[in-house]
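Just below is one structure, and these are the notes that go with it.
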Amino acid sequence: MVNQSPVETALSRAMIRWSLTKSTPVAETPRSWIFRVEQNGRNFAALKILKPVVAEEEGRGSRLLQWYGGIGAATVFDMHGDTIFMEWLDGGTLGDPVRAGRDDEGTIAIASVIASLHRPREGDLPDLRPLRERFQPLFDTDVRAWPHTARDLYARAAGIALKLFDRPTAQIPLHGDLHHDNILSSDRGWLAIDPKGVLGDPAYDVANVFINPVRAGNMAADPHRIAARADILSQRLDYPRKRMLGWAAAHAALSACWDLADEKPITGLLACLPNLLSAYDQA
C-alpha cells in the first residue's frame with residue numbers, strides 16, 4: 001500500500017466519519033486544502049483541512065464560525081481536529097458588485113452581515129484572541145521599516161490605536177477579517193467566511209472594509225468613498241463614526257506592518273492611510 005500524505009489521510013478519515021461518497025479538490029491555499037464533497041450524490045458540502053502551520057489561528061476562527069450558528073455566516077456542520085465539514089457556498093463574493101461600481105450597495109450588505117454576526121448568542125464562547133494581542137506587531141514594528149516619507153503616518157496611526165485601547169468598550173466576539181471577498185453570495189443572502197476569532201471592540205469589525213476590496217483601483221483611498229462608507233456603517237450599526245475611522249486607520253497601519261514583515265509592497269495602504277487619518281480628524 002502506498003503511503004498516504006497527511007492531507008490524503010485526513011480526507012480518507014473525513015469521508016468515513018461523515019459518510020461522504022465523493023470528493024473533488026477545489027483549492028489549495030497557504031492555509032488549507034478545500035474539497036467539495038457529496039453524500040450519496042446530493043447535498044454538496046465543503047471540507048476544509050487546515051495546514052499545521054496555521055492550525056491554531058484557523059481552528060480558532062472555525063470554532064467561532066461554528067458558534068455563529070449559520071446566522072450571517074456559513075454554517076459549520078461539524079469539526080474534528082483540523083478538518084471542518086461545512087456549508088458549500090459557490091456564489092460570487094461581495095467584492096464583485098463593488099468592483100463593478102456598486103459600493104454603497106456593498107457597504108449596506110456588509111453592515112447587515114456585521115449586525116447578524118454581532119447579535120448575542122447562547123452557548124459557551126470559543127477561545128478567542130484578544131484584539132490588543134492582534135495589534136502587537138503594530139507596536140513592535142521599528143519605524144525605520146517604513147518608508148521615510150510615511151513614518152509620520154505610522155506614528156499617528158499607532159497613537160490612535162493606543163488611544164482606542166485606553167478607552168475600552170464592550171468586548172464581543174469579532175470576525176476579525178471582514179472584507180468584501182470574505183463575504184459570499186448564497187440562497188440565504190450574503191454570508192461571512194474565514195473569521196480570525198478575535199475578542200474586542202465591536203467597531204473594529206468594520207476596519208477592513210476601508211482598505212478593500214482588492215483590484216478596485218484607488219476606490220478605498222477616495223475621500224468621498226471613505227465618507228460614504230462611514231456614513232452608511234455608522235447609521236446602520238450605530239457605532240461611533242470617529243471610533244470606526246480610528247480603527248480603520250490603525251488597521252491600515254497594522255496591515256502595512258504585516259506586509260512589510262513579509263516584504264510585500266504597501267503602496268495601496270499608503271494611498272488609503274492619509275485620507276483615513278484625515279477623515280478621523282474631521283469626525
Worksheet item: Here is a list of conditions, (1) of a type in the set (A, V, I, L, M, F, W, C); (2) part of a helix (DSSP H, G or I); (3) more than 30 Å from Met219 (Cβ to Cβ), and Val54 meets all of them except one; can you say which number that is?
Response: (3)
Worksheet entry | When residues of segment 239-265 are limited to those that are crowded, with 20+ Cβ neighbours inside 10 Å and not small (Gly, Ala, Ser), the one farthest from Ala203 (Cα to Cα) | Cys257
Worksheet item: Hey, among the residues in segment 90-143 that are in a loop (DSSP other than H, G, I, E, B) and among the acidic types (Asp, Glu), which one's farthest from Ala228 (Cα to Cα)?
Response: Asp124
Worksheet entry | Answer from Pro195, Pro173 - the residue that is modelled with pLDDT of 95 or more, surrounded by 13 or more Cβ atoms within 10 Å (Cβ to Cβ) and assigned to a loop (DSSP other than H, G, I, E, B) | Pro195
Discussion item. Go through (1) open to solvent by 50 Å² or more (accessible area, probe 1.4 Å); (2) over 25 Å from Val54 (Cα atoms) for Gly91 and report which single condition fails.
Written reply: (1)
Practice prompt. For residues that are open to solvent by 60 Å² or more (accessible area, probe 1.4 Å) and either more than 15 Å from Ile108 (Cβ to Cβ) or not in a helix (DSSP H, G or I) (or both), tally how many sit in segment 203-238.
Written response: 7
Practice prompt. Filter segment 97-121 for residues that are touching a Gly at 6+ places or on another chain (Cβ under 9 Å) and either under 15 Å from Ala161 (Cα atoms) or not hydrophobic (A, V, I, L, M, F, W, C) (or both) and give the result.
Written response: Pro97, Arg99, Gly106, Ser112, Ser116, His118, Arg119, Arg121
Discussion item. Return the residues of segment 127-140 that are open to solvent by 30 Å² or more (accessible area, probe 1.4 Å) and not charged (D, E, K, R); say none if nothing qualifies.
Written reply: Pro130, Gln136, Pro137, Phe139
Worksheet item: Among (1) of a type outside the set (Ser, Thr, Tyr); (2) touching a residue at least 24 places away in the same chain (Cβ under 8 Å); (3) open to solvent by 50 Å² or more (accessible area, probe 1.4 Å), which single condition is His148 missing?
Response: (2)
Worksheet item: Is it the case that Val54 is modelled with pLDDT under 95, of a type in the set (A, V, I, L, M), open to solvent by less than 60 Å² (accessible area, probe 1.4 Å) and farther than 29 Å from Tyr239 by Cβ?
Response: yes
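The values are calculated or read from the model by the stated rules, or taken from the named source; none is laboratory data. Only a predicted model underlies this, so the values are computations on that prediction, with no experimental measurement involved. Because the Cβ atoms are built from the backbone with ideal geometry, glycine has one as well, and the counts that use them run over all protein chains shown. Accessible surface areas use protein heavy atoms only, side chains included; no ligands, DNA or RNA. Shrake-Rupley method; radii C 1.70, N 1.55, O 1.52, S 1.80 Å.
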